[in-house]
């Protein structure tokens with residue numbers, strides 16, 4: 001019996017991964033939001049409001065104080081990612097592998113683009129952003145494995161979206177949200193409670209920040225550069241100073 | 001122990017590939033996910049010195065499951081899950097039955113969810129934790145389906161409050177547990193009523209034993225459970241074979257009231273569970289064996305049974321390892337002196353999270369009640385579980 005246990009412990013030690021520097025950051029403010037199970041957040045292009053989606057398939061517009069100013073009448077299957085790009089709101093529906101393109105002024109879906117992916121129901125696309133450095137939309141699957149999709153033609157009506165690059169990302173755990181800010185990608189992990197800063201061309205992690213937030217599901221930056229993290233389970237927004245190394 | 005050493009090293013060296021998870025098919029409205037799992041272990045036992053039956057070691061295929069989970073739009077969900085290994089064996093092991101789920105659910109927005117069909121009964125947090133999310137190969141005696149059923153056919157109403165921090169379920173079932181599919185209902189014609197309410201703080205708490213996310217803020221969940229059946233069989237009628245469970249009081253002719261409390265906590269990879277249950281049984285037949293041939297003055301017409309367990313776990317992300325220890329005690333009847341006590345430990349190495357784990361469980365019997373003596377004193381189970 002002792003020999004068995006010793007062998008196990010020895011094998012486990014050899015399988016350890018190398019640790020890297022991690023910076024811990026704490027929120028300076030928390031705000032409850034009237035959005036059930038918020039799953040992602042983005043800043044509007046005019047920087048005057050936020051868009052938030054929920055697990056229940058709902059889309060909300062919030063003011064800069066995180067008060068709901070508009071609730072879309074649209075009902076999505078489920079909604080896990082959101083961005084505002086060229087006056088349209090892009091909503092990622094994880095289970096059906098679809099991106100819905102919404103005109104918020106008319107409150108209607110103007111196009112739906114399917115991006116096939118076979119993995120688990122709850123392990124599909126969790127996040128979306130526009131990678132300005134490579135002039136492509138990018139989507140990440142949640143886990144098992146974390147896969148990056150670079151996509152074009154997502155905004156052209158009547159034309160199928162085209163996946164131009166697909167690669168597995170070398171990260172343990174999961175990815176729950178992504179945003180592009182000042183030339184860098186900022187990626188959120190729910191399971192690891194981390195924010196990663198990624199090189200937008202190589203998709204390599206440059207810096208890691210540890211955050212004490214339960215079930216973090218959405219990430220964006222405020223107009224003043226504060227880091228905004230949405231907690232799904234707590235239904236609240238956590239506001240951090242811009243993270244530094 | 002040489003066999004376990006050999007198996008442990010072989011499994012570790014050979015099976016290092018990653019799992020790619022489930023498969024999902026969608027037509028834009030209907031989403032179907034197909035998944036499954038296998039698990040197999042080697043069971044080794046130290047037998048009691050005077051035990052003549054030396055059938056102590058065996059290999060076992062515990063699971064060969066396939067699951068179809070679906071969702072149609074935002075209102076309808078369904079789940080169909082079978083374990084082929086248990087279907088072939090033909091038994092109705094309440095911990096590991098052949099048919100595991102066959103239900104459909106309708107969500108009425110802003111009101112409640114309603115579920116119909118065969119599936120887990122919402123009673124006991126431990127029973128609701130999926131097997132492959134623990135380091136153990138076996139649940140505690142009190143929660144593995146011999147004191148109360150874990151599955152049944154019926155209808156369940158579900159409602160959550162306060163940002164899902166309070167979850168309540170109430171259901172009406174045939175009351176025959178896992179054997180209910182063998183018959184229409186028993187001759188008493190009565191149902192079983194089951195309710196559960198759970199309070200979680202500071203956020204909703206999933207039915208998991210292990211804190212693999214290492215939550216940065218301590219989380220708690222407190223559950224209250226209750227169930228009631230009053231099944232009085234007419235003379236000459238019987239319940240289906242196996243429905244009474246290993247100890248004879250899971251289903252019996254008479255009134256059965258069961259209530260329990262469960263508590264769970266987790267923080268930074270540490271997690272703990274505690275659960276306690278009590279049964280009050282009043283057999284309709286005063287000469288029932290459950291009253292142990294005692295007179296009415298001694299029994300007052302009823303018996304009590306129940307037990308509790310406590311479990312501590314630690315998950316190491318760095319070592320991909322789970323360590324768990326557990327102590328459980330149960331009393332099969334207050335009319336018989338004595339009680340049962342067991343201590344168990346478990347070690348699991350995650351090759352690919354919970355999708356692929358090598359698990360080892362050790363159980364030692366500390367005390368035994370005269371009416372439930374096992375043939376062994378110690379048991380080790382070591383094997384591999386793999387989900388696809």
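The values are calculated or read from the model by the stated rules, or taken from the named source; none is laboratory data. Keep in mind it's a predicted model, so treat the numbers as computed, not measured. So basically every Cβ, Gly included, is an ideal-geometry build from the backbone, and we count neighbours across all protein chains shown.
For the stretch A:191-199, the count of residues that are more than 15 Å from residue A:40 (Cα to Cα), buried (at least 16 other Cβ atoms within 10 Å of the Cβ), within 14 Å of chain B (Cβ to nearest Cβ) and out of contact with any strand residue (DSSP E or B) (no Cβ under 7 Å at 6 or more places or on another chain) is nonzero. Of all residues in the stretch A:209-239, those satisfying the criterion of being surrounded by fewer than 19 Cβ atoms within 10 Å (Cβ to Cβ) and within 14 Å of chain B (Cβ to nearest Cβ) are A:210, A:212. Applying the selection to the stretch B:216-239, what residues are modelled with pLDDT of 95 or more and over 30 Å from residue B:284 (Cα atoms)? Matches in the stretch B:216-239: B:218, B:219, B:220, B:221, B:222, B:223.
For residue A:143, the requirement of being in contact with a helix residue (DSSP H, G or I) (Cβ under 7 Å, 6 or more places away or on another chain) and either over 30 Å from residue B:351 (Cβ atoms) or touching a residue at least 40 places away in the same chain (Cβ under 8 Å) (or both) is met.
Could you tell me whether any residue of the stretch A:90-108 is surrounded by fewer than 18 Cβ atoms within 10 Å (Cβ to Cβ), away from every other protein chain (no Cβ under 12 Å), touching a residue at least 12 places away in the same chain (Cβ under 8 Å) and part of a loop (DSSP other than H, G, I, E, B)? Checked the stretch A:90-108: at least one residue is surrounded by fewer than 18 Cβ atoms within 10 Å (Cβ to Cβ), away from every other protein chain (no Cβ under 12 Å), touching a residue at least 12 places away in the same chain (Cβ under 8 Å) and part of a loop (DSSP other than H, G, I, E, B).
In the condition set (1) buried (at least 17 other Cβ atoms within 10 Å of the Cβ); (2) assigned to a strand (DSSP E or B); (3) more than 14 Å from chain A (Cβ to nearest Cβ); (4) in contact (Cβ under 8 Å) with a residue 40 or more places away in the chain, residue B:159 is compliant with all but (1). The residue of the stretch B:200-237 that is nearest to residue B:272 (Cα to Cα), among those that are in a loop (DSSP other than H, G, I, E, B), away from chain A (no Cβ under 14 Å) and touching a residue at least 24 places away in the same chain (Cβ under 8 Å), is B:209.
State which residue is nearest to the other protein chains (Cβ to nearest Cβ) when the search covers only the stretch B:334-365 and only residues that are on the phi < 0 side of the Ramachandran plot and not in a strand (DSSP E or B). Looking at residues that are on the phi < 0 side of the Ramachandran plot and not in a strand (DSSP E or B), I get B:355.
Scanning the stretch B:315-335 for residues that are closer than 16 Å to residue B:136 by Cβ and within 18 Å of the chain's Cα centre (by Cα) turns up B:324, B:325, B:326, B:327, B:328. Here residue A:187 passes the criteria (1) away from every other protein chain (no Cβ under 14 Å); (2) farther than 23 Å from residue A:87 by Cβ; (3) more than 12 Å from the chain's Cα centre (by Cα); (4) touching a residue at least 24 places away in the same chain (Cβ under 8 Å) except the one numbered (3).
Is it the case that the stretch A:173-183 has a residue that's within 14 Å of chain B (Cβ to nearest Cβ), closer than 22 Å to residue A:56 by Cβ and surrounded by fewer than 21 Cβ atoms within 10 Å (Cβ to Cβ)? Yes, because at least one residue in the stretch A:173-183 is within 14 Å of chain B (Cβ to nearest Cβ), closer than 22 Å to residue A:56 by Cβ and surrounded by fewer than 21 Cβ atoms within 10 Å (Cβ to Cβ).
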